[in-house]
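These notes concern the structure reproduced below.
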Ligand SMILES: Cc1cc2nc3c(=O)[nH]c(=O)nc-3n(C[C@H](O)[C@H](O)[C@H](O)COP(=O)(O)OP(=O)(O)OC[C@H]3O[C@@H](n4cnc5c(N)ncnc54)[C@H](O)[C@@H]3O)c2cc1C
C-alpha cells in the first residue's frame with residue numbers, strides 16, 4: 001500500500017478515481033455528500049416509474065470502439081445491457097420531418113435525397129464521421145493499452161482533432177444550398193459549434209457504441225461503485241466536505257461538515273466535486289488567480305434542461321427510437337419564460353423494460369432550462385412549485401394532442417429544473433457537463449487543464465470541469481489520466497485491469 005487518496009465526490013469521476021487508485025495500490029477513500037453514488041449520473045423512482053436524469057448515450061457502450069475498454073475496467077461493460085437506437089434525433093418541422101440516422105450509408109443516402117445539390121458537402125461530412133471512427137483507436141491509444149501509439153500516428157490524430165476542433169459547423173452549414181437541409185441543420189445544431197462535437201456522437205452511434213443503459217443511470221453508477229468496493233475501496237455517504245486542509249503548501253486532509261477531520265498516511269487529495277465550490281469554498285479562494293476568476297465570470301457553462309417526466313397508464317409508441325429524442329412543434333402552447341416554445345423534445349422510454357410497469361410508459365420532455373429564472377423563483381418556494389405545476393400541465397396538454405387520451409392516464413409527474421440539478425450535486429449554475437466547448441475553452445490550455453493548482457502540492461482535480469467537455473466517459477477518463485499522473489509522480493507503472 002503506497003499512500004492514501006482522499007477523494008471528494010462519488011460521481012463518475014470520483015468512483016473511477018477510486019477504482020484506478022485501488023488498482024495501483026493506493027488506499028482510496030471517497031467522501032460523497034449524498035446518500036448514494038452517481039452525482040449527475042443518476043435516476044430516481046416515482047410511483048413505480050423510473051425517472052432518468054442523465055445518460056441518453058454512453059460513448060463506448062459497445063465493443064467496436066476502443067473506449068469500450070474503460071467500461072471493461074470500471075465494471076459497466078459486464079453488468080449493464082445497452083440499447084442502440086437507429087436514429088440520433090428526429091425533428092418534426094412544419095415543412096418536413098428530419099431524421100438523423102445512425103447508419104452512415106442510410107444517412108448519406110437520405111441527406112442526398114433531401115438535398116441533391118449538396119451531395120459534395122454531404123459526402124465530406126459523412127467522410128469526416130468515418131474518419132472520426134478510424135481515428136478513435138488512435139485517440140484512445142494515447143491512454144489505453146497497448147501503451148502509446150507510435151508518435152507519428154499520434155500526430156495524425158492530433159492533426160485531425162486540431163482541424164475539426166477549430167472548424168465550426170458554419171463550415172458545412174454556410175455551403176448548403178438546399179433550403180431543406182439548411183433548415184434541418186440550423187434546427188439541429190449551432191453554427192458556432194466545433195465540428196468535432198457534431199462528429200463525435202454520430203461516429204459512436206454508427207458503431208453501436210453509444211447506447212442507453214437498461215435500468216438507467218443510477219444502476220450504471222452503482223456498477224462502478226460495486227467495482228470500487230470489490231477492489232477494497234471505502235466510500236462514506238452523507239459526508240459533505242467543507243474544507244481541504246492545507247499545511248505548508250500541501251493538501252493533508254479534509255474537514256467534513258460534521259466537524260470531523262480526515263487525515264491519513266501520505267495523503268493525496270483529489271477533488272471531483274464542482275470546480276467553483278472547490279476553489280471558492282473548500283480552498284477558501286486562496287488559489288484563485290486573475291485568470292481563474294475571470295474564467296468563472298466569463299466562460300459559459302453547459303446548463304441543465306428543464307425536465308418534465310410523466311408516467312402514463314398506457315402504451316405510447318414512437319418510432320424510430322432515438323438517442324436524443326423527437327422534437328416537434330406542440331399544437332397547444334407550452335409557455336416558458338414568457339414565450340411559447342417553438343419546439344419541445346420528448347423521449348419515450350419503451351425501450352427500457354425497467355422504466356415502467358407492463359403496459360405503461362415513461363415519457364420525458366426536455367425543455368430549455370433557464371438557470372437564472374429558476375434560481376430566482378426558488379427563493380419563493382410557493383411560486384417555484386406553482387410554476388413547475390403550470391409547465392407540467394401545459395406539457396400534459398401538448399402530449400395529449402399528440403397521443404389522444406394521455407392526459408387522463410397520467411399517474412406520475414416529476415419536474416426537475418436546473419436548480420434541482422444544482423441542489424442535488426452542487427454543480428455551479430446547475431451545469432450538466434461543465435464548460436461550453438467553445439474553441440477558447442476546448443484548446444487544452446485553460447488554467448485547470450493540468451489538473452493541479454500552482455502552489456498547492458498533493459492536490460489534484462478530476463471530472464467534468466477540468467476536461468474539454470463533460471460527460472460520463474469524460475469524467476471517468478479524467479480520473480484515469482489523473483491516476484496515470486499520480487503513478488508517474490510516485491515512480492510507479494500505471495496499471496488498469498479489465499474485470500474478469
Ligand atoms: C440531464 C443530463 C443529461 C446528461 N446526459 C448525458 C449523456 O447522455 N451522456 C453522457 O456521457 N453524459 C451526460 N450527462 C453529463 C454527465 O452526467 C456528467 O458530465 C458526469 O456525470 C459528471 O461526472 P463528475 O463525476 O465529473 O461530476 P458530478 O456528477 O457532479 O460528481 C460530483 C460529485 O461530488 C459530490 N459533491 C459535490 N460537493 C461535495 C462536497 N462538498 N462534499 C462531498 N461530495 C460533494 C456531488 O454530490 C457529486 O456526487 C448528462 C447530465 C445531465 C444533467
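The values are calculated or read from the model by the stated rules, or taken from the named source; none is laboratory data. Fair warning: this is a prediction, and the values are worked out from it, not measured in the lab. For neighbour counting, all protein chains shown are included, and Cβ atoms are generated from backbone atoms with ideal geometry for every residue, glycine included.
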### Message
Can you confirm whether residue 20 is closer than 24 Å to residue 83 by Cα and either touching a residue at least 40 places away in the same chain (Cβ under 8 Å) or surrounded by 20 or more Cβ atoms within 10 Å (Cβ to Cβ) (or both)?
### Response
no
### Query
So which of 449, 474 ends up being within 16 Å of the ligand (Cβ to nearest atom) and part of a loop (DSSP other than H, G, I, E, B)?
449
### Message
Restricting to the range 211-265, name every residue that is away from the ligand (no atom under 15 Å from the Cβ) and within 23 Å of residue 459 (Cβ to Cβ).
### Response
233, 246, 247, 248, 249, 250, 252, 263, 264, 265
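Tell me, please, whether a residue that is closer than 27 Å to residue 322 by Cα and either modelled with pLDDT under 95 or surrounded by 15 or more Cβ atoms within 10 Å (Cβ to Cβ) (or both) can be found in the range 140-152.
Yes, there is a match, as at least one residue in the range 140-152 is closer than 27 Å to residue 322 by Cα and either modelled with pLDDT under 95 or surrounded by 15 or more Cβ atoms within 10 Å (Cβ to Cβ) (or both).
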### Query
In the range 323-343, how many are at pLDDT below 95 and in a strand (DSSP E or B)?
0
### Query
What number of residues in the range 24-79 are away from the ligand (no atom under 13 Å from the Cβ) and either crowded, with 20+ Cβ neighbours inside 10 Å or at negative phi (or both)?
21
### Query
Can you tell me which of 392, 356, 407 is part of a helix (DSSP H, G or I), more than 13 Å from the ligand (Cβ to nearest atom) and in contact (Cβ under 8 Å) with a residue 60 or more places away in the chain?
392
### Message
Go through the range 297-333 and report how many residues are more than 23 Å from residue 187 (Cβ to Cβ) and within 16 Å of the ligand (Cβ to nearest atom).
### Response
2
### Message
If the requirement is being surrounded by fewer than 17 Cβ atoms within 10 Å (Cβ to Cβ) and within 20 Å of the chain's Cα centre (by Cα), which of these qualifies: 372, 445, 438?
### Response
438
